[in-house]
Amino acid sequence: MGHQKIDKKGLFITFEGGEGAGKSTQIVKLREALENLGFDVVQTREPGGCPEAEQIRDLILGSAQHHFDPLSETLLLYAARYEHVKKKIQPALDAGKIVLCDRFADSTLVYQGYAGGLSLSLLEKLYTLVIGDLKPDLTFVLDLPIEVSAERTQSRGLPQDRFESKDIDFHRRLRKGFLELAQQHPERMVVIDASRTIEEIFQQILKLFLTKLS
Ligand code: TMP
């Protein structure tokens, strides 16, 4: 497979949203569908996505007892992001591939900014300094009422990482942050109602992707 050509250099698609919105399910479904159509697809995630950045992910998400200050956390996230962009995302885009990334810098704006209290302009400066001109071509924001996302993260029965165990007000700020960002960037961000069935959500995502391509 991998014969379909994209007329511009690659396509960078990100999936964003609060906890339990079903990003991971949708990203796998889109990757499989695009591979079946003959596209070269790279599926990846943040924090992480390459060995160096995965090591940093373990540092950030690993310990329930030791919490970094939001600024240190952000600097770690950006160190991970720099490795990930340089070693995986940019080379894949340069080779004309479609990159599907589970979370990217919008998550930092929302988790460390809107919800964590860091200044949004500082986070934007950091983005420009570390990442430069690269921006996602399309960002799906999977949106859920907070009661549903809280319920879903609890019912998974998995040990919650330190972000998921924060309180309901935190979930509320996350949702507000993503919705505000989406309003500010309508050229690339689309809000998806994630309270529907997996298949309904997927059909909308696929359609939006194909429209972007044409
Ligand atoms: P995940 O559960 O989608 O794999 O994401 C891991 C956690 O990391 C999630 O709770 C969100 C958090 N996170 C941030 O706080 N800032 C970021 O920039 C990113 C990429 C993730």
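For the reader, a short list of remarks on this structure follows.
- Lone qualifier among Tyr127, Tyr114 - being within 13 Å of the ligand (Cβ to nearest atom) and either charged (D, E, K, R) or closer than 21 Å to Val85 by Cα (or both): Tyr127
- Of all the criteria given as (1) farther than 24 Å from Ala80 by Cα; (2) modelled with pLDDT of 95 or more; (3) not β-branched (Val, Ile, Thr), the one not satisfied by Asp169 is (2).
Quick grid of which residues meet (1) closer than 25 Å to Leu208 by Cα; (2) among the aliphatic types (A, V, I, L, M):
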residue: Phe15; (1), (2): yes, no
residue: Lys29; (1), (2): yes, no
residue: Asp40; (1), (2): yes, no
residue: Ala53; (1), (2): no, yes
residue: Leu59; (1), (2): no, yes
residue: Gln90; (1), (2): yes, no
residue: Leu93; (1), (2): yes, yes
residue: Ala105; (1), (2): yes, yes
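- For the stretch 173-202, the tally of residues that are in contact (Cβ under 8 Å) with a residue 12 or more places away in the chain and either among the aromatic types (Phe, Trp, Tyr) or not in a loop (DSSP other than H, G, I, E, B) (or both) stands at 18.
- Filter pass, Gly132 being assigned to a loop (DSSP other than H, G, I, E, B), surrounded by fewer than 18 Cβ atoms within 10 Å (Cβ to Cβ) and at pLDDT 95 or above: yes
- Failed criterion for Glu124 (all others in (1) modelled with pLDDT of 95 or more; (2) outside any strand (DSSP E or B); (3) surrounded by 16 or more Cβ atoms within 10 Å (Cβ to Cβ) hold): (3)
- Of the residues Leu34, Leu71, Leu76, the single one that is surrounded by fewer than 16 Cβ atoms within 10 Å (Cβ to Cβ) and of a type in the set (A, V, I, L, M, F, W, C) is Leu71.
- Within the stretch 108-155, being in contact with an Asp or Glu (Cβ under 9 Å, 6 or more places away or on another chain) and on the phi > 0 side of the Ramachandran plot holds for no residue.
The values are calculated or read from the model by the stated rules, or taken from the named source; none is laboratory data. The structure displayed is predicted, hence computed values, not measured ones. Cβ sites come from the backbone with ideal geometry, for glycine too, and all protein chains shown count toward neighbours.
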